[in-house]
Amino acid sequence: MKVGTDGVLLGAWSSVENDPDTVLDIGAGTGVIALMLAQRCDAMTIDAVELEEHAYEQTVQNFEDSHWADRLYGYHASFQEFANEIAVEAATYDLIVSNPPFYTDGFETKNTARNKARFASALSFENLLEGVSKIIAENGVFATIIPYKEEADFIKLAAKYHLFLHRVCHVRGTATAAIKRSLLEFSRYAKKPLATTLTIEISRHQYTQAYKNLTKDFYLKM
């Protein structure tokens, strides 16, 4: 799987201001978000759970090849299974992140592995939020990136599981383009959310200063 803009955005935008000691990346793919968080904070445990076998193997390999291999751990399981086991152990995470599958329009490819990684049939928003609610720490943070059109329903569903919006960043490709993605941050406590916007490009491959400032620590050339 390629490293996508959504994953880079989430890995760079997610807050580490609460100095998390335990971090979980749900649906790790290549492991890029977990690796970015390892670079950004001193958390001693950064777990990544991935259902698709080849993606899991790639995640583990990338972890082993990194400077932070002693803090990164991969798990081959569905998030539902993983969350239930963690809940039984009464363990929690200070920071949980997920770039979830979000193609909810009923279209699937013939590639089963791709479907698992990219489509909501593998992990619904409700299953995601229910699992997060079981294992997030009392003062923990949950951050995700979803299509803008799904934002209102997702926020409403999160509240059902006592997860309340704290920050939102609306992302558009260019200044004249429609908002495409929503970066969302939740916690167990309700408060007035902080809303911002981010434009990625001025023109093709000409990035805005705001995008450069957010992501420059993770690109070799920016």
| query | In percent, how large is the relative contact order of the chain, given Cα pairs closer than 8 Å and 6 or more residues apart? | reply | 17 percent
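With a cap of 10 neighbouring Cβ atoms within 10 Å, and only residues DSSP puts in a loop, list the trypsin sites (Lys or Arg not before Pro) found in the range 187-218. Walk me through the numbers on the way to the answer.
Details: sites: 188, 191, 204, 212, 216; in loops: 188, 191, 204.
Passing both the DSSP loop test and the Cβ count: 191, 204.
Apply 1/(1 + (r/R0)^6) to the Cβ-Cβ distance of residue 178 and residue 219, taking R0 = 25 Å, and write down the FRET efficiency to the nearest 0.05. Show your work: numbers first, answer last.
On the way: r = 26 Å, r/R0 = 1.02.
About 0.45, to the nearest 0.05.
Sort 8-16, 133-141 by the packing proxy (mean of other Cβ within 10 Å over each peptide's residues), most packed first.
On the way: 8-16: 20.8, 133-141: 18.3.
Result, highest mean Cβ count within 10 Å first: 8-16, 133-141.
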| query | Which whole-angstrom value gives the distance between the alpha carbon centres of the range 142-217 and the range 74-95? | reply | 25 Å
| query | Most fluctuating residue of 46, 146, 202 in a GNM of the chain with Cα springs under 10 Å: which is it? | reply | 202
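Excluding residue 200 itself, calculate the net charge of residues whose Cβ lies under 12 Å from the Cβ of residue 200, where each Lys or Arg counts +1 and each Asp or Glu counts -1.
On the way: positive: 172, 180, 181, 204, 212; negative: 6, 201.
Surrounding charge for residue 200 is +3.
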| Distance (nanometres) between label positions extended 7 Å along Cα→Cβ at residue 21 and residue 76 | 3.1 nm
| request: Find the centroid of the Cα atoms in the range 35-52 and in the range 7-28, then give the distance between the two in whole Å. | output: 7 Å
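Just to confirm the filter: which chymotrypsin sites (Phe, Trp or Tyr not before Pro) across the range 119-222 are DSSP coil and have at most 15 other Cβ within 10 angstrom of their Cβ?
On the way: sites: 119, 125, 142, 148, 154, 161, 164, 186, 189, 207, 211, 218, 219; in loops: 161, 189, 219.
Listed in order of number, the matching sites are 189, 219.
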| query | Anyone know which of 171, 132, 88 comes out most mobile in the 10 Å Cα GNM of the chain? | reply | 88
| query | Mind listing P(r) for the chain? All alpha-carbon pairs, 5 Å bins, whole percents. | reply | 1, 7, 15, 19, 21, 18, 12, 5, 1, 0
| request: Take the eigenvalues of the Cα gyration tensor for the range 153-222, scale each by 5, and report the square roots as semi-axes in whole Å, largest first. | output: 29, 14, 9
| request: Could you list, in their original order, any pairs among 156/192; 149/180; 134/192 whose Cα atoms are separated by more than 18 Å? | output: 134/192
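Each value in this text was obtained by applying a stated rule to the coordinates, not by laboratory testing. Only a predicted model underlies this, so the values are computations on that prediction, with no experimental measurement involved. Please note: Cβ atoms are built from the backbone with ideal geometry, for glycine as well, and neighbour counts cover all protein chains shown.
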